[in-house]
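Notes to accompany the following structure.
The values are calculated or read from the model by the stated rules, or taken from the named source; none is laboratory data. Nothing here was measured: the structure is a model prediction, and the numbers come from that model. Cβ: placed from backbone, ideal geometry, glycine included. Neighbour counts: every protein chain shown.
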Amino acid sequence: MSTEDSPVMERDETESASEQERDPGPTAPGDRILGLDVLRGFALLGILVINIWLFAMPMIGTYNPTLYGDFSGASYVAWFVSHVFFEQKFVTLFTFLFGAGIVLFLESKERKSQPARRLHFRRVFWLLVIGLGHAYLLWYGDILVSYALCGLVLVFVRHWSAKRLLLLGLVMFALPALFYLVSGAGYMMADATTQAEIEQAMLAGTGADPDAIDEEIATYQGGWLEQMDHRVETSLMLHTVGFITETFWMLGGLMVVGMALYKWGVLSNERSTRFYRRLLVAGGTTGLALILTGVWYRELVDWNTAQVLLIGHQFNYWGSLLLALAYVSGIMLLCRAAAGGLVTTALSAVGRTAFSNYLLQTVLATSIFYGHGLTLFGELNRAELLGVVVLIWAIQVPLSVAWLNRYRFGPVEWVWRTLTYGKRQPMRLEKK
């Protein structure tokens, strides 16, 4: 069954990937498809561990956890685990898959002599429409709008060689980091008065003022219409200034890296077991070393907001890229060792309905935290938020499995596919 409908991955066939370093003999197509589905499901579930911060607490809590809520005991452990193993790692996986999906979709349509580029642009247009509705009506943390905007531009480099794509992707990804490093160097060389002014400006920009925090809590504990002021303003900022100065370069760079990884056969489980084991060890050890150094640096500077955001952030920024590659390797090895098992079956089902599950996470989380639901925004500590994550997982995983026992696609995947092709798509599975 094809998953052309997932916003984070396209898959049809994977014959075009590199033949280097593969196991003797061809990899079974079913195994390759399983790897993509499981990786997508793994990414979808993992990204909620960090998104839950945006759903449940004021924005300042995501920038500097010492400035909002309890940050000791179990709450600190919850932050530490989330930061080290989840923060930016799973959005990196998600974005790799979207970039690879651009290549896979267009290759598939070209093989079938279909108008590939026209279908791609229609597909991305409808992704943009759905994303705008998601961002401005439900949750400002939406990523679909950024994916769609990047997809409109980056489609033009998809024919490049894997090496050129990797170089382009890393250069794009490095630009925001370079900007922050230069800004951080300027901060460190400034006098104490200027540093204090920069620190105050950054605190104000992240909503650290007590009045701003109280206002944000009151807004999201209020009704849906009351939430619109903050949600619309924040979404607009993220989709304009934020996108141009940072998001395009970061996510766009990761998408291009994803294209390269697909062309090398890394994302489709086509490389050798030895290759994946080496990447698992190398990416895991170097990535964790960088991330843990970043935690040490934050403690060293006593969580000074300017130094955390301008300098300390760099360790997790680059370490997450390496750890995400280790996660890719671990998932590919898992699929080889336990294809058809309970874990791979469950993750595969979530991955095949990733678009629907991404929006379902928003519906469930906003119903729990916002004023039109249980009104728990700002009420739970980070350890308790991880409990909410597990609760949502417990709903999504069995629901995904049950849904795919009856239907070909997730409900949002079906709508997106129908809009893309301009023709109603079959939904129910044929009874045997």
Item to check | Residue in the range 204-221 that is under 23 Å from W249 (Cβ atoms) and not in a helix (DSSP H, G or I) present | outcome: yes
Next on the checklist: Just the residues that are without any contact (Cβ under 8 Å) to a residue 40 or more places away in the chain and among the small types (G, A, S), please, taken from the range 44-72.
Outcome noted: G61, S72
Item to check | So T366, is it among the polar types (S, T, N, Q), on the phi < 0 side of the Ramachandran plot, surrounded by fewer than 19 Cβ atoms within 10 Å (Cβ to Cβ) and not in a loop (DSSP other than H, G, I, E, B) | outcome: no
Checklist entry - Applying the selection to the range 295-331, what residues are in a helix (DSSP H, G or I) and more than 22 Å from G253 (Cα to Cα)? => result V295, W296, Y297, R298, E299, L300, T305, A306, Q307, V308, G330, I331
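Go through the range 240-261 and give me each residue that's without any contact (Cβ under 8 Å) to a residue 60 or more places away in the chain and either among the charged types (D, E, K, R) or not in a helix (DSSP H, G or I) (or both).
So in the range 240-261, the residues without any contact (Cβ under 8 Å) to a residue 60 or more places away in the chain come out as 240-242, 244.
Answer for the range 240-261, where residues must be without any contact (Cβ under 8 Å) to a residue 60 or more places away in the chain and either among the charged types (D, E, K, R) or not in a helix (DSSP H, G or I) (or both): just T240.
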Item to check | Condition broken by L152, with the remaining ones in (1) of a type in the set (A, V, I, L, M, F, W, C); (2) under 16 Å from G252 (Cα atoms); (3) within 17 Å of the chain's Cα centre (by Cα) satisfied | outcome: (3)
Item to check | Test set (1) more than 22 Å from M59 (Cβ to Cβ); (2) at pLDDT below 95; (3) in contact with a Ser or Thr (Cβ under 9 Å, 6 or more places away or on another chain) - M188 fails condition number | outcome: (3)
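Within the range 262-294, track down each residue that is part of a loop (DSSP other than H, G, I, E, B) and more than 22 Å from the chain's Cα centre (by Cα). Reasoning before the result, please.
Taking the range 262-294 as the starting set, the residues that turn out to be part of a loop (DSSP other than H, G, I, E, B) are 264-272.
The answer is E270, R271, S272.
Just to check your reading of the model, which residue among T286, T234 is surrounded by 16 or more Cβ atoms within 10 Å (Cβ to Cβ) and over 27 Å from Y147 (Cβ atoms)? Full working, then the answer.
On the way: T234 fails: over 27 Å from Y147 (Cβ atoms).
So the residue among T286, T234 that is surrounded by 16 or more Cβ atoms within 10 Å (Cβ to Cβ) and over 27 Å from Y147 (Cβ atoms) is T286.
Suppose the filter is over 26 Å from A218 (Cβ atoms) and surrounded by fewer than 16 Cβ atoms within 10 Å (Cβ to Cβ); does G422 pass it? Before you say what the answer is, go through the steps one by one.
Details: over 26 Å from A218 (Cβ atoms): yes; surrounded by fewer than 16 Cβ atoms within 10 Å (Cβ to Cβ): yes.
So G422 passes the test.
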Item to check | Residues (among the small types (G, A, S) and either surrounded by 16 or more Cβ atoms within 10 Å (Cβ to Cβ) or more than 19 Å from the chain's Cα centre (by Cα) (or both)) located in the range 107-142 | outcome: S108, S113, A116, G131, A135, G141
Checklist entry - Can you name the helices (runs of 4 or more DSSP H) wholly within the range 1-97 that have at least 1 residues being modelled with pLDDT under 90 and among the hydroxyl-bearing types (S, T, Y)? => result 60-63
